[in-house]
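Undergrad: Sharing a structure with you now.
The values are calculated or read from the model by the stated rules, or taken from the named source; none is laboratory data. Since this is a predicted model, take the numbers as computed values, not measurements. Calculation scope for accessible area: heavy atoms of the full protein, side chains included, ligands and nucleic acids excluded. Shrake-Rupley method; radii C 1.70, N 1.55, O 1.52, S 1.80 Å.
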Amino acid sequence: LLSLIEDIIKISRLEEDTGKEKKDLFEPTDICTICTAVVRELEHKASEFDVVLKTRLPDAPVSIQGIPQILHEMIFNVCDNAVTYNKPGGSVTIEVVQNFEREHVEVIISDTGIGIAPEHQSRIFERFYRVDKSHSKQTGGTGLGLAIVKHGALLMNAKVFLSSEIDRGTKVSFIFRS
């Protein structure tokens, strides 16, 4: 119940504060540092689920304009789902790619998990939407994590792309203007 309340507060703040007040909080943020922190935070859970966390990060820092806490929440929520809905012996990879020609930074989170059926893919960023409602109690969560991701991406002016195949895994990409 406490997690649900906290997530509702997070999403409410993201929705109400999309104006200039939040934009004033933007600062240069090393996205690689955030990805490394997320991996560190999820290592224990990944170990419990027999999932390996991997990173493909450039050697140099990659800076984007954003709000560090919200960027962290976005990446954490996608990675947490990638661990939760993976298979024993599976993996989750976080990759950061800086595209100088197109002037953007891409964060790609891919997993070898159970995948998402095509009919559910357009809805997974909706509040409380659960693909498999019968396993909701087993997997935990509030059903708001990916809605928070969507609202965070809107605030950060990021584009979110999803591709997934049943039994092959899921890939979520964020594209940030650099």
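Undergrad: Could you state how much accessible area residue 103 has, in square angstrom rounded to the nearest 10, with a 1.4 Å probe and all protein chains kept in place?
TA: 110
Undergrad: Quick one: which residues, 5+ away or cross-chain, put their amide H under 5 Å from the amide H of residue 91? H built at 1.01 Å from N.
TA: Long-range HN contacts for residue 91: 52, 112.
Undergrad: Using θ = phi - 60° and the Karplus form 6.51 cos²θ - 1.76 cosθ + 1.60, what ³J(HN,Hα) does each residue of region 87-98 get, whole Hz, x for Gly and Pro?
TA: Result, rounded to whole Hz: 10, x, x, x, 9, 10, 10, 10, 10, 10, 10, 9.
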